[in-house]
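Structure, as structure tokens:
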Amino acid sequence: DETRHSARSASAGVVREEVGEQRDRIGYTQRGRQFSTMGENLLSQYSGRAKNLPQTLTLDHVSPATRLLEKRRQMFEVQEALDAQKEEFARREDAFRRREEALRKKDLELQESLIKFNKFLQENESKRNRAVKRTQDERKQREQKESEIVRLKEEHRKRLDEEKALKRELQLNEKYQLYLTNVVEGGSDDYHEIQDLLNRYKTLKDANQDLADAQRKHEQDNEDKRLEFANFKKERQNEMLNQNNDIAKLQKILEGREGITLRLLNDVDSTIRGTSDKTLELGQILRSVQNLLERFQKQVHSNAKHSSDQPRRAEKATSGGKSAEEIESDGKQAVESLDEICMYMLDYSDIVTEWLEECAEAKRKERGAATLRASEDA
């Protein structure tokens, strides 16, 4: 609104300036035309030898005094003509002044009417702005009220839906109320009121919630540990890669050392071949001992694990190319096997002796029974 008012005030000022400039241009144009007309009249009257100017006489043959008088007469006539022209110019100037005053007065009246009209426009604009603002305010209030009505209707509808839902829930929960009443009345003396039962349920529910929270916490801890294990596994894999690289380097060194070892083994093989006969004889002895041990174990129905371990010992004992420590260990094992064989033989001897004694005792009992029957028959 203020922008419109400023624009209209500026436009009114521009109109006043244009009217003033147009008036000045009209006055200057009229005065210029008047002056040009006066100049043309003077030129037409005084240019050359016009008929209104005094006639110049031919005074070539007169005296100087006569010539002076003639000049004075001509000057007087010219002065009279100039005075007449001045009077005419003053009269026209006065007419132009009166006309200019009238134009100025009309301009003032026009400016006053323009100011009044501008004031009228400003008042109308102010009234219009107030009316527009009041209309906008009323429209906003109406829209707010309409939106509030819509919101209240929607809220009312929701409240009705909630009421219906609560009624349905109440109808559904009535059977639970009846059930809880029956439980309290027909149950034990631990719960005298329904609220006691509900409190117990709430306690159990809270405990269940605490357990669920603890489970979630443990699951989170498990996830953290899993991530930690994944990071640890990744670090170990990196270490394994580095160690594999080190192993590759050491493998090259090992290959060089194996070449040296191969040469040394060739030397050792030549030495071992010299002792192969003794080793073969020792292996035969060890196999014989092992076979005897297996036969005794089969006789006494030894367990499968023990009997399965012994062939591996025999294979180990019969394998060639052993070191002195291994041969000594096999000898100790053979001694232990011989001890076991001796124990089996002693056990077998005890079993045979016991069996013979049982057989003799059975025969004595049979003879006694026969004697008893014979005596009873007699």
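Assorted remarks:
- Annotation: ALA304 fulfils all but one of (1) modelled with pLDDT under 65; (2) surrounded by 12 or more Cβ atoms within 10 Å (Cβ to Cβ); (3) of a type in the set (A, V, I, L, M, F, W, C); the unmet one is (2).
- Checked against (1) under 26 Å from GLN333 (Cα atoms); (2) modelled with pLDDT under 80, GLN284 passes all but condition (2).
- So GLN171, is it part of a helix (DSSP H, G or I) and surrounded by 10 or more Cβ atoms within 10 Å (Cβ to Cβ): no
- Matching option when the condition is at pLDDT 85 or above, over 26 Å from ARG273 (Cβ atoms) and not charged (D, E, K, R), among LEU338, LEU356, LEU372, LEU292: LEU356
- As a summary of the residue check, GLU255 satisfies the conditions (1) outside the structural domain of ASP330 (by TED's automatic domain parsing); (2) of a type in the set (Asp, Glu); (3) surrounded by 10 or more Cβ atoms within 10 Å (Cβ to Cβ) except for the one numbered (3).
- Residue among GLU125, GLU77 that alone is in contact (Cβ under 8 Å) with a residue 12 or more places away in the chain, surrounded by 12 or more Cβ atoms within 10 Å (Cβ to Cβ) and within 58 Å of the chain's Cα centre (by Cα): GLU125
- Test: residue in region 174-186 that is exposed (fewer than 11 other Cβ atoms within 10 Å of the Cβ), modelled with pLDDT under 95 and within 48 Å of the chain's Cα centre (by Cα): yes
- Boolean, LEU197 is at pLDDT below 80, among the aliphatic types (A, V, I, L, M) and assigned to a helix (DSSP H, G or I): yes
The values are calculated or read from the model by the stated rules, or taken from the named source; none is laboratory data. As the structure is a computational prediction, the values presented were derived from the model and not from experiment. All Cβ positions, glycine included, derive from the backbone under ideal geometry; neighbour counts span all protein chains shown.
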